[in-house]
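The values are calculated or read from the model by the stated rules, or taken from the named source; none is laboratory data. Source: prediction; values computed, not measured. Please note: Cβ atoms are built from the backbone with ideal geometry, for glycine as well, and neighbour counts cover all protein chains shown.
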Amino acid sequence: MAFLLSVAWSAWPTAVLVMSFMAGTLISLQFIVYGVHCIVVLIVEVLRGIRRSVLRCFAWIRAAPPAVLEKHASTK
């Protein structure tokens, strides 16, 4: 690999620098994009959990429908 790099450098040094920079940028971008993807997935999951908890709280707090209350009142 070092031999190929030295031959390419002797033939066209500007192209070697540009292509090395582009390769490094693309390799770095894949990790940046994956990291952003993981953060977005985490935020979505946390928001889903909060939403689910809030809805369960409201379902638990909500009063029973009148038919259920009458049924329990008539059995006493």
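Within region 1-28, the only residue that satisfies the criterion of being outside any helix (DSSP H, G or I) and surrounded by 10 or more Cβ atoms within 10 Å (Cβ to Cβ) is Trp12. Please list, ordered by first then second residue, the pairs with beta carbon atoms under 7 Å, 6 or more apart or interchain, first in region 44-59 and touching a residue at least 60 places away in the same chain (Cβ under 8 Å), second of a type outside the set (S, T, N, Q). The qualifying pairs do not exist here. Going by the structure shown, is Phe31 part of a helix (DSSP H, G or I), exposed (fewer than 10 other Cβ atoms within 10 Å of the Cβ) and at pLDDT below 90? No: the conditions fail for Phe31.
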